[in-house]
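Note sheet for the following structure.
All of the numbers you see were taken from the coordinates with simple rules; none came from a lab. Being a predicted model, the structure only gives us computed values, none of them experimental. Cβ placement follows ideal geometry from the backbone for every residue including glycine, while neighbour counts extend to all protein chains displayed.
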Amino acid sequence: MSEKKHNVSRRQFLTYTLTGVGGFMAAGVILPMARFAVDPVLKAGAESDMYAVAEVADLTEEPQRFDFSYEQVDAWYQSEVTETAWIYREGDNIVALSPTCTHLGCTVNWDANEDYPDQFFCPCHFGRFEKDGTNIAGTPPTEPLHKYVTEVRDGTVYLGTAEPQI
Amino acid sequence: MLQRVYDWVDDRLDITPMWRDIADHEVPEHVNPAHHFSAFVYCFGGLTFFITVIQILSGMFLTMYYVPDIVNAYESVRYLQGEVAFGVIVRGMHHWGASLVIVMMFLHTLRVFFTGSYKKPRELNWVVGVLIFFVMLGLGFTGYLLPWDMKAYFATVVGLEIAESVPVVGELTKTLLAGDPEIIGAQTLTRFFAIHVFFLPGALLGLLAAHFIMIRKQGISGPL
Ligand code: HEM
Ligand code: FES
């Protein structure tokens, strides 16, 4: 640095220090608010519980509708919400499908349209699914109905979260 | 890089005169703390504005979580302060800023008073300043109710009783503010919220604009 021309002019020095200090102060104000605003994206998802939904003895080869309720904590608001699963037995296997259409989220029903017996039917844009949840080509949905994680304990079916089949 | 972006825009829109007109002025010697340290008293107006900006920003962010409803208000404030990252900081900025802005405004007013800057031709700007002062008090009063805890509630009970004690129009004023002749409740909270986040900030921005345009037009007052 000694004798060479490393001179910083008064104006440059002031520009650097004032921009630096100003930037630091602005960051100190903005960053907490930004982190505050994006918190929902960064919050760790809650571990989901398993809920008792049906008795194995009640299940048939035909999908049946079972509703189940649980306490949901939505920030400062707690309430009981009800979810639905379409459950059937396939030999020893138990299949529980979510009724949420994979097109845009309307609710599907089993065997609800006379023209399409033994299929899941969505009234919103006429999406259709096979019994195992596979979406039928030529209708709007682009993937099969989601499948609940299932567990059987003492003759009772417990469901976890609905997860994509593919 | 930044310089080239600036040049590109400036080339097309000629923005240099715009910001020069607003920001590029010689600082007179008597208001420059580098010349006379005591000139720091001229900073209080700017500091008031700085804190006002922080109030507006932190207030906007608080409304992302806050609900103006008597069932949920308290819980939402507790949630945003206790569960949301940096919630204590953002609420703290708004909470302490609300007091600090009054302090800064008071110091700024003292400086204007003791430098005699309210005299001709600046009388109107003193008037606008007093209006800003009342708007700030209004913001403090209406904001204080929003957390809907005991302190908030009874502060507002007292404030509204004071309003009611005004001769002739007192009762009317109180009902108008509280939204109900007797109850201080659901309608009071929604009204105070609307006044706090829309009406008064709107009025404040208008008054600040008038304040600054007048300063720009008249320049800073001369040395003592
Ligand atoms: C510029 C002047 C302002 C002042 C002096 C002010 C003052 C206050 C005060 C004293 C409180 C109570 C804080 C507490 O007890 O912790 C408060 C709360 C609140 N203010 Fe403001 N405020 C201002 C601007 C704003 C603006 C512009 C908004 C929104 C756009 C806003 C939104 C809120 C909200 C949502 C609350 C409730 C949350 C809480 O209590 O922490 N404020 N304000
Ligand atoms: S939402 Fe089901 S078909 Fe569109």
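With Cβ to Cβ distances under 15 Å as the rule, what net charge do the other residues near A:P40 carry (K, R +1; D, E -1)? Result for the neighbourhood of A:P40: -1.
Its relative contact order, with pairs defined as Cα atoms under 8 Å and 6+ residues apart, puts chain A at 18 percent.
Grab the beta carbon distance between A:E47 and A:A75, set R0 = 22 Å, and tell me the FRET efficiency rounded to 0.05.
The computed FRET efficiency comes out at 0.80.
Here the range B:153-224 is described by how far its Cα atoms reach on the three principal axes: 53, 26, 21 Å, from widest to narrowest. Think of the range A:23-87 as having a plus end and a minus end, set by charges on the Cβ of Lys, Arg, Asp and Glu; of A:V53, A:I30, A:S69, A:I30 sits farthest toward the positive end of this dipole.
Between the residues B:G46, B:W8, B:Y144, the greatest Cα displacement towards the positive end of the dipole of chain B, with unit charges on the Cβ of Lys, Arg, Asp and Glu, is found for B:G46.
I need the shape label for the range A:3-42. Rule: rounded when a/c is under 1.5, else prolate if a/b > b/c, else oblate, with a, b, c from the alpha carbon gyration tensor. Since a/c reaches 1.5 and a/b is larger than b/c, the shape of the range A:3-42 is classed as prolate. Helices in chain B that qualify as membrane-span-like (whole DSSP H runs, Cα extent of at least 15 Å along the helix axis, mean Kyte-Doolittle hydropathy of 1.6 or higher) are B:44-62, B:123-145.
Relative to the longest principal axis of the Cα atoms of chain A, the long axis of helix A:10-37 makes an angle of roughly 20 degrees. Net charge dipole, chain A: roughly 2200 debye, given to the nearest 20, about the Cα centre with Cβ charges of +1 for Lys and Arg and -1 for Asp and Glu. May I ask for log10 I(q)/I(0) of the protein assembly as shown at q = 0.12 Å⁻¹, from a Debye sum over the Cα atoms as equal point scatterers with solvent left out? Treating every Cα as an identical point scatterer, log10 I(q)/I(0) equals -1.05. Overall, the protein assembly as shown carries a charge dipole of about 3600 debye about its Cα centre when +1 sits on the Cβ of Lys and Arg and -1 on the Cβ of Asp and Glu, all other atoms neutral. For the range B:119-224, a simple Cβ point-charge model (Lys and Arg +1, Asp and Glu -1, everything else neutral) yields a dipole of about 800 debye relative to the Cα centre. Using every pair of distinct Cα positions in the range A:22-132, the Kirkwood expression returns a hydrodynamic radius of 17.7 angstrom. Of the trypsin sites (Lys or Arg not before Pro) found in the range A:29-134, those that fall in a DSSP loop while having at most 12 other beta-carbon atoms within 10 Å are A:K43. Mean projection of the Cα convex hull over all viewing directions, computed for the range A:41-99: 5.3 nm².
Computed from the alpha carbon atoms alone, the convex hull of the range B:69-170 holds 138 Å³ per residue. So for the range A:88-147, what percent of the C-alpha to C-alpha distances run longer than 18 Å? Within the range A:88-147, distances greater than 18 Å cover 25 percent of Cα pairs.
The GluC sites (Glu not before Pro) found in the range B:123-183 that occupy coil by DSSP, while having at most 10 further C-beta atoms within 10 Å, are B:E182. Here the translational diffusion coefficient of chain B follows from Stokes-Einstein with Rh set to the Kirkwood radius across Cα pairs; for 4 °C and 1.567 mPa s it amounts to 64 µm²/s.
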